[in-house]
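Working notes, structure below.
The values are calculated or read from the model by the stated rules, or taken from the named source; none is laboratory data. From a predicted model like this one, the values you see are computed outputs, not experimental measurements. Counting neighbours? That spans all protein chains shown, and the Cβs are built from the backbone with ideal geometry, glycine included. These accessible areas exclude ligands, DNA and RNA; they are computed on the full protein's heavy atoms, side chains included. Shrake-Rupley method; radii C 1.70, N 1.55, O 1.52, S 1.80 Å.
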Amino acid sequence: GYPAIQSFAIEHAFVRDACGKQGSIAALGPCPFAGIPNDSDDNAVDFIFVDNNGTSAGAGQRLGVAGPQNLISPTTGRSGIVSTSLDGCVAGNAPPNRVRDFTTNPGQNSTFGTLDIRREYTNTTGAALTNLRFRIDDLTTFPAPDGVADMRPRTSANVSVTVDQPPCGSNSNVTVFGTTVETPPSQPNGGGFNTTFGVAAVSAGTPLANGATIKLRFLFGLQQTGLFRVDLMPEALPAGGGPDPNLIGCTDGATCSEFIFRDGFDP
């Protein structure tokens with residue numbers, strides 16, 4: 001297991017690794033475990049240390065939060081919630097699928113603006129969903145090395161967006177629902193590893209029917225620009241799952257090295 005960690009007055013946790021990179025911020029590429037928590041009987045490999053200040057306490061340094069769960073919490077799995085681009089007639093890294101806002105807002109952990117990622121989700125679980133949220137299994141965040149983005153999950157509001165869909169050529173306005181960084185725990189530096197985005201638009205009073213779709217946005221403040229990646233695992237009641245594809249790219253084209261093209265990453 002882990003050696004003893006230093007004592008700090010911080011909110012922290014050891015979180016089971018559901019990505020497979022042992023909490024590496026610099027490692028690009030998809031999550032080998034696809035959202036399924038690892039259990040190899042080696043705690044030093046199976047768990048990663050997170051805290052809401054990104055403190056170096058002796059067990060690895062990364063910004064993240066505790067995420068207590070119990071028997072009535074939304075659950076995950078390998079299938080049931082299908083993810084697609086918001087607008088299927090443009091590239092995945094182009095508006096309105098991804099929107100880069102350069103407005104600086106240090107008070108919201110967005111010194112270099114924001115990156116807004118929009119996706120569409122279809123419920124194929126066979127039952128109406130009464131709770132839906134997305135847990136961050138993988139993220140480029142603090143302390144990101146040079147050339148890698150430092151992303152901080154933020155709460156967002158609903159927006160009206162113009163989209164097109166195959167066979168293309170017929171625009172329409174749709175509502176993209178905002179998501180909420182769930183608290184507690186407190187997240188004064190923005191979210192990080194293990195943060196959950198709650199979907200207020202899905203509830204017992206407004207369930208997402210089987211076969212129905214919902215359009216969502218995930219907002220990230222940028223404290224450093226560069227290569228980014230994020231993996232969002234859907235959790236739902238009565239059941240949910242189906243790992244979102246690793247979203248990999250570059251916040252600003254001029255800040256990224258050429259190797260992302262050689263390795264096939266989406267710039």
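Only one residue in 99, 50, 45 is within 22 Å of residue 184 (Cα to Cα) and not in a loop (DSSP other than H, G, I, E, B). Which one? Write out each step before concluding.
Working: 99 fails: within 22 Å of residue 184 (Cα to Cα); 45 fails: within 22 Å of residue 184 (Cα to Cα).
None of the other options fit; the residue is 50.
Keeping to the stretch 129-143, report how many residues are open to solvent by 20 Å² or more (accessible area, probe 1.4 Å), outside any strand (DSSP E or B) and either closer than 26 Å to residue 72 by Cβ or in contact with a Phe, Trp or Tyr (Cβ under 9 Å, 6 or more places away or on another chain) (or both). Show your work before the answer.
First, pick out the residues of the stretch 129-143 that are open to solvent by 20 Å² or more (accessible area, probe 1.4 Å): 130-131, 133, 137, 142-143.
Those still in the list that are outside any strand (DSSP E or B) too: 130, 142-143.
From what's left, either closer than 26 Å to residue 72 by Cβ or in contact with a Phe, Trp or Tyr (Cβ under 9 Å, 6 or more places away or on another chain) (or both): 130.
Counting residues in the stretch 129-143 that are open to solvent by 20 Å² or more (accessible area, probe 1.4 Å), outside any strand (DSSP E or B) and either closer than 26 Å to residue 72 by Cβ or in contact with a Phe, Trp or Tyr (Cβ under 9 Å, 6 or more places away or on another chain) (or both) gives 1.
Looking only at residues that are touching a Ser or Thr at 6+ places or on another chain (Cβ under 7 Å) and open to solvent by 70 Å² or more (accessible area, probe 1.4 Å) in the stretch 1-22, which one is farthest from residue 191 (Cα to Cα)? Lay out the reasoning, then the answer.
Going residue by residue through the stretch 1-22, those that are touching a Ser or Thr at 6+ places or on another chain (Cβ under 7 Å) are 8, 10-11.
Subset that is open to solvent by 70 Å² or more (accessible area, probe 1.4 Å): 8, 11.
Working: 8: 19, 11: 12 Å.
Of everything passing the filter in the stretch 1-22, 8 is farthest from residue 191 (Cα to Cα).
Within the stretch 166-185, count every residue that is at negative phi, out of contact with any strand residue (DSSP E or B) (no Cβ under 8 Å at 6 or more places or on another chain) and open to solvent by 60 Å² or more (accessible area, probe 1.4 Å).
5
Can you name the residue in the stretch 23-51 that is of a type in the set (Phe, Trp, Tyr) and open to solvent by 20 Å² or more (accessible area, probe 1.4 Å) and is also nearest to residue 242 (Cα to Cα) among such residues? Don't jump to the end; show me each part of the working.
Kept after step one, since they are of a type in the set (Phe, Trp, Tyr), are these residues of the stretch 23-51: 33, 47, 49.
From the residues that got through so far, the ones that are open to solvent by 20 Å² or more (accessible area, probe 1.4 Å) too are 33, 47.
On the way: 33: 12, 47: 22 Å.
Within the stretch 23-51, the match that is nearest to residue 242 (Cα to Cα) is 33.
Kindly indicate which of 159, 202 is open to solvent by 20 Å² or more (accessible area, probe 1.4 Å) and among the aliphatic types (A, V, I, L, M).
Numbers: 202 fails: open to solvent by 20 Å² or more (accessible area, probe 1.4 Å).
Result of the check over 159, 202: 159.
Just to be sure, is residue 200 modelled with pLDDT under 95 and either in a loop (DSSP other than H, G, I, E, B) or of a type outside the set (Lys, Arg) (or both)? Talk me through it step by step, then tell me what you get.
Working: modelled with pLDDT under 95: no; either in a loop (DSSP other than H, G, I, E, B) or of a type outside the set (Lys, Arg) (or both): yes.
Here the answer is no, as residue 200 does not meet what is asked.
Being aliphatic (A, V, I, L, M) and without any contact (Cβ under 8 Å) to a residue 60 or more places away in the chain is the filter; apply it to the stretch 93-128 and report the residue that is least open to solvent (accessible area, probe 1.4 Å).
Going residue by residue through the stretch 93-128, those that are aliphatic (A, V, I, L, M) are 94, 99, 115, 117, 127-128.
After this cut, where a residue has to be without any contact (Cβ under 8 Å) to a residue 60 or more places away in the chain as well, the list is 94, 99.
Values: 94: 27, 99: 44 Å².
Top of the filtered list is 94.
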